[in-house]
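See below for the structure under consideration.
The values are calculated or read from the model by the stated rules, or taken from the named source; none is laboratory data. Source: prediction; values computed, not measured. Heads up, the Cβs are rebuilt from the backbone with ideal geometry, glycines too, and the neighbour counts pull from every protein chain shown.
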Amino acid sequence: MRAVLNNARLSALVHEPLPAMPVVAALQSIVPDGVLVRGRTVLCSGDAAVSLALLVVAAATQAGSWLAVVGVSNLGLLAASEQGVALQRTVLVTPADNQREWASTVATVVDGFDVVILEISRNITVSDARKLQTRVQARRAVLVVVDTARRPAGQSVFMPDVVLHTTTQQWHGLDDGAGHAQSRDVRVQVSGRRVPKPTQHCMRHVG
């Protein structure tokens with residue numbers, strides 16, 4: 001009987017749901033549920049897509065989650081650090097252009113990391129995207145998709161749970177064409193399958 005109880009306790013521990021991952025305070029009123037819910041796909045699009053994606057995952061990496069950044073061509077480590085990403089728990093991955101190898105690499109990454117930032121490949125198919133999202137759900141990871149092509153969310157090969165579309169309203173730090181851009185006001189339009197009602201928010205954003 002003792003062995004049965006011990007096995008039951010072990011089974012409960014193994015199957016205990018993993019906790020959601022935190023987001024920074026500035027996003028708690030923007031992201032549905034105020035956290036990153038495991039198994040979901042978040043799509044970041046618009047002119048601040050990359051920097052917002054980094055901000056989305058920053059608190060999770062600070063709390064101990066490992067991040068893989070896959071195929072994001074214009075991402076810099078300095079920019080990631082400025083958004084609060086813990087670089088010591090961040091791995092950059094450059095997948096092959098070949099469709100089959102790309103899909104295999106991304107699937108392997110999802111198996112090994114809690115959070116994945118992924119730039120949409122021009123070769124990815126709807127079937128690849130669906131399989132990847134199914135894997136994310138099974139692994140209880142979080143997938144943050146970056147669409148730098150700035151396509152409308154309805155044209156994405158993914159079916160995002162949350163869509164964060166960004167539009168820069170104003171830059172700060174530039175005086176009459178001189179100086180250094182320090183931050184910007186960004187409008188974030190929130191929609192997606194897990195969003196009951198689309199909303200808009202304005203936030204001061206670095207990068």
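Quick look at the values:
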| quantity | calculated |
| --- | --- |
| Residues of segment 47-94 satisfying the condition of being among the small types (G, A, S) and buried (at least 19 other Cβ atoms within 10 Å of the Cβ) | A48, A49, S51, A53, A58, A59, A60, S65, A68, G71, A80, A86 |
| Selection from segment 56-69 of residues that are of a type in the set (A, V, I, L, M) and assigned to a helix (DSSP H, G or I) | V56, V57, A58, A59, A60 |
| Residue that is on the phi < 0 side of the Ramachandran plot, surrounded by fewer than 14 Cβ atoms within 10 Å (Cβ to Cβ) and either touching a helix residue (DSSP H, G or I) at 6+ places or on another chain (Cβ under 8 Å) or modelled with pLDDT of 95 or more (or both), where the choices are N98, N123 | N123 |
| Failed condition for V91, given (1) out of contact with any strand residue (DSSP E or B) (no Cβ under 8 Å at 6 or more places or on another chain); (2) among the hydrophobic types (A, V, I, L, M, F, W, C); (3) modelled with pLDDT of 90 or more; (4) farther than 23 Å from G192 by Cα | (1) |
| Residue within segment 70-77 that is touching a helix residue (DSSP H, G or I) at 6+ places or on another chain (Cβ under 8 Å), of a type in the set (S, T, N, Q) and not in a helix (DSSP H, G or I) present | yes |
| Segment 177-196, subset modelled with pLDDT under 90 and part of a strand (DSSP E or B), residue farthest from G39 (Cα to Cα) | A178 |
| Where a residue in segment 65-82 is charged (D, E, K, R) and its partner, wherever it lies, is outside any helix (DSSP H, G or I), with Cβ under 7 Å and at least six apart | E82/V206; E82/G207 |
| Qualifying positions in segment 95-128 - of a type in the set (V, I, T) and in contact with a strand residue (DSSP E or B) (Cβ under 8 Å, 6 or more places away or on another chain) | T105, V106, V109, V110, V115, V116, I117, I120 |
| Hey, A58 out of contact with any helix residue (DSSP H, G or I) (no Cβ under 7 Å at 6 or more places or on another chain) and among the hydrophobic types (A, V, I, L, M, F, W, C) or not | yes |
| Count of segment 139-176 residues which are out of contact with any Cys (no Cβ under 9 Å at 6 or more places or on another chain), modelled with pLDDT under 95 and part of a strand (DSSP E or B) | 8 |
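Every residue, every condition in (1) out of contact with any Gly (no Cβ under 7 Å at 6 or more places or on another chain); (2) assigned to a helix (DSSP H, G or I); (3) among the hydrophobic types (A, V, I, L, M, F, W, C), yes or no:
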{"position": "A80", "(1), (2), (3)": "yes, yes, yes"}
{"position": "V91", "(1), (2), (3)": "yes, no, yes"}
{"position": "R100", "(1), (2), (3)": "yes, yes, no"}
{"position": "A103", "(1), (2), (3)": "yes, yes, yes"}
{"position": "V109", "(1), (2), (3)": "yes, yes, yes"}
{"position": "D128", "(1), (2), (3)": "yes, yes, no"}
{"position": "Q133", "(1), (2), (3)": "yes, yes, no"}
{"position": "Q137", "(1), (2), (3)": "no, yes, no"}
